[in-house]
Amino acid sequence: MNDNIKGFSWLKALLIFGIILIFVAAFLSYKAYTIFYKSNVNLKGEKSTSIYIPTNSKFDDVTEILNKKEIIINVSSLKWLAEYKNYIKNVKPGKYKISAGMNNNDLLNMLKSGRQEPVKLVFNNVRTKYQLAGKISKQLEADSLSIIKLLNDSNYLSNYDFTTYNAVVVFIPNTYQFFWNTSASELFKRMNKEYEAFWNKERKSKAEEIGLNPAQVTILASIVQEETNKYDEMPIVAGLYINRLKKDMKLEADPTVKFAIGDFGLKRILKSHLKIDSPYNTYLNHGLPPGPISLPNSKIIDKTLNYTKHHYIYMCAKEDFSGYHNFAVTGSEHAANARRYQNALNRLKIK
């Protein structure tokens, strides 16, 4: 009888222990599910958002970034899994897309693998390297100072056969995909690759026919761009300056004077402006300036390469302020055009 009681008690204890194990296993399974697979992202109705993790960030920096955006429901569970997956020691910088309903496992797999969301880099309407650096630094991690420092590094640029004056020609306005944490040197290397791809055999051949190299064509195109915003007139303007170059005449381009002065809104060029001492002042110096006075897009560069062949060597803005120009072959023709334009300025009291 005692043996039967003892046996029953043993079985009862074993059964209870088994039930406890089942509950513990169920709890641990639920806990694991919660940590690994339960959604831990709340975007408050948004489908997705992006976070930016700077270079050299630690895990605490990542959690601070997530906390500031208030998108993680349970930070402790994320941290536990980050330690388990060894993400703590493998933080990778970049821009990452966080989707609604994401769980810890998917989030950390993305962050640990460095699976970034590309940034669309866009820059246009740029006049100086400082404007360029400012626009780029607003879209990539590289700050404007690091970009300017590189564009002013003659030793570095000499590896690419550029100078501190003309290096910006590699930045042909367009839309490019980059990773957000791209450094200044990586940026320049990629842009130079795009530049070389643009300057294919056909374009280089056309440049050689003009007697210019690709960088010089871009410099000429920058003058053409600032002389007229009329695409149908650009080949004529390009042809005029090419005629001047072939005749070894000074270009005497007003936009280069504005660039030399640093006043891009100047509406009337005075004689005093023409005397400014600058390598960009084409009223004082022969040939092209040492660098572009703006960043022309690919279409304008092609308009310059496919210039109109004519005999014009003079141009003057039309007196109707249409944005077009009157062109002339002789000085007397040009003088008459200039008088009409000056009279129009005087009537409007533009100084």
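Is there a residue in region 194-209 that is farther than 17 Å from Leu157 by Cα, in a loop (DSSP other than H, G, I, E, B) and of a type in the set (Ser, Thr, Tyr)? Lay out the reasoning, then the answer.
Filtering region 194-209 for residues farther than 17 Å from Leu157 by Cα gives 197-209.
If we keep only those that are in a loop (DSSP other than H, G, I, E, B) too, we end up with 199-200.
Next cut, of a type in the set (Ser, Thr, Tyr) only: none.
No: zero hits.
Please find, within region 319-329, the residue that is surrounded by the fewest Cβ atoms within 10 Å (Cβ to Cβ) out of those that are modelled with pLDDT of 95 or more and in a loop (DSSP other than H, G, I, E, B). Reasoning before the result, please.
Taking region 319-329 first, the residues modelled with pLDDT of 95 or more are 324-329.
With the extra rule that they be in a loop (DSSP other than H, G, I, E, B), the set shrinks to 324, 329.
On the way: Tyr324: 15, Val329: 13.
Filtering first and then ranking leaves Val329.
All but one of (1) outside the structural domain of Ser146 (by TED's automatic domain parsing); (2) assigned to a helix (DSSP H, G or I) hold for Glu186; state the number of the condition that does not hold.
Status for Glu186: all satisfied but (1).
Output the residue which, of all residues in region 79-115 that are out of contact with any Ser or Thr (no Cβ under 7 Å at 6 or more places or on another chain) and not in a helix (DSSP H, G or I), is farthest from Thr55 (Cα to Cα).
Taking the candidates together, the pick is Lys85.
From the list His310, His334, His286, pick out the single residue that is of a type outside the set (Asp, Glu), part of a loop (DSSP other than H, G, I, E, B) and out of contact with any helix residue (DSSP H, G or I) (no Cβ under 7 Å at 6 or more places or on another chain).
Working: His310 fails: out of contact with any helix residue (DSSP H, G or I) (no Cβ under 7 Å at 6 or more places or on another chain); His334 fails: part of a loop (DSSP other than H, G, I, E, B).
None of the other options fit; the residue is His286.
From Ile147, Ile98, which residue is buried (at least 16 other Cβ atoms within 10 Å of the Cβ), under 30 Å from Ile219 (Cα atoms) and in contact with a Leu (Cβ under 8 Å, 6 or more places away or on another chain)?
Values: Ile98 fails: under 30 Å from Ile219 (Cα atoms).
One residue alone meets the criteria, Ile147.
Any chance region 260-278 includes a residue that's crowded, with 21+ Cβ neighbours inside 10 Å, touching a residue at least 40 places away in the same chain (Cβ under 8 Å) and closer than 30 Å to Ile136 by Cβ?
Taking region 260-278 first, the residues crowded, with 21+ Cβ neighbours inside 10 Å are 260.
Filter again for touching a residue at least 40 places away in the same chain (Cβ under 8 Å), leaving none.
No: zero hits.
Select from region 221-235 the residues that are outside any loop (DSSP other than H, G, I, E, B) and either touching a Pro at 6+ places or on another chain (Cβ under 9 Å) or surrounded by fewer than 21 Cβ atoms within 10 Å (Cβ to Cβ) (or both) and list them in ascending order. Walk me through it before giving the result.
The first filter runs over region 221-235 and keeps only residues outside any loop (DSSP other than H, G, I, E, B), leaving 221-227, 234-235.
Those that are outside any loop (DSSP other than H, G, I, E, B) and either touching a Pro at 6+ places or on another chain (Cβ under 9 Å) or surrounded by fewer than 21 Cβ atoms within 10 Å (Cβ to Cβ) (or both): Ala221, Ser222, Ile223, Val224, Gln225, Glu226, Glu227, Pro235.
Which pairs do you get when a residue that is under 12 Å from Pro292 (Cβ atoms), found in region 152-171, comes within reach of a residue that is among the β-branched types (Val, Ile, Thr) and outside any loop (DSSP other than H, G, I, E, B), reach meaning Cβ atoms under 7 angstrom, with the pair 6+ apart or on two chains?
Asn166/Ile219; Val169/Thr218
If I filter region 272-291 for residues that are farther than 22 Å from Phe123 by Cα and either assigned by TED's automatic domain parsing to the domain that holds Asn124 or of a type in the set (D, E, K, R) (or both), do I get at least one hit?
Checked region 272-291: at least one residue is farther than 22 Å from Phe123 by Cα and either assigned by TED's automatic domain parsing to the domain that holds Asn124 or of a type in the set (D, E, K, R) (or both).
Output the residues belonging to region 298-340 that are among the basic types (Lys, Arg) and either within 30 Å of Glu196 (Cα to Cα) or touching a Leu at 6+ places or on another chain (Cβ under 7 Å) (or both). Steps first, please.
Taking region 298-340 as the starting set, the residues that turn out to be among the basic types (Lys, Arg) are 299, 303, 309, 318, 339-340.
Of everything in region 298-340, those that are among the basic types (Lys, Arg) and either within 30 Å of Glu196 (Cα to Cα) or touching a Leu at 6+ places or on another chain (Cβ under 7 Å) (or both) turn out to be Lys299, Lys303, Lys309.
Would you check which residues across region 195-231 are farther than 25 Å from Ala260 by Cβ and free of Cβ contacts under 8 Å to residues at least 60 places away in the same chain and list them? Spell out how you get there, then give the answer.
At the first step, the residues of region 195-231 found to be farther than 25 Å from Ala260 by Cβ are 195-209, 231.
Answer for region 195-231, where residues must be farther than 25 Å from Ala260 by Cβ and free of Cβ contacts under 8 Å to residues at least 60 places away in the same chain: Tyr195, Glu196, Ala197, Trp199, Asn200, Lys201, Glu202, Lys204, Ser205, Glu208, Glu209.
Take Asp248 and decide whether it is part of a loop (DSSP other than H, G, I, E, B), within 30 Å of the chain's Cα centre (by Cα) and not aliphatic (A, V, I, L, M). Reasoning before the result, please.
Values: part of a loop (DSSP other than H, G, I, E, B): yes; within 30 Å of the chain's Cα centre (by Cα): no; not aliphatic (A, V, I, L, M): yes.
Judged against the criteria, Asp248 is not a match.
The values are calculated or read from the model by the stated rules, or taken from the named source; none is laboratory data. Because the structure is a prediction, the values reported are computed rather than measured. Methodologically, a virtual Cβ is constructed for each residue, glycine included, from the backbone with ideal geometry; neighbour enumeration extends over all protein chains shown.
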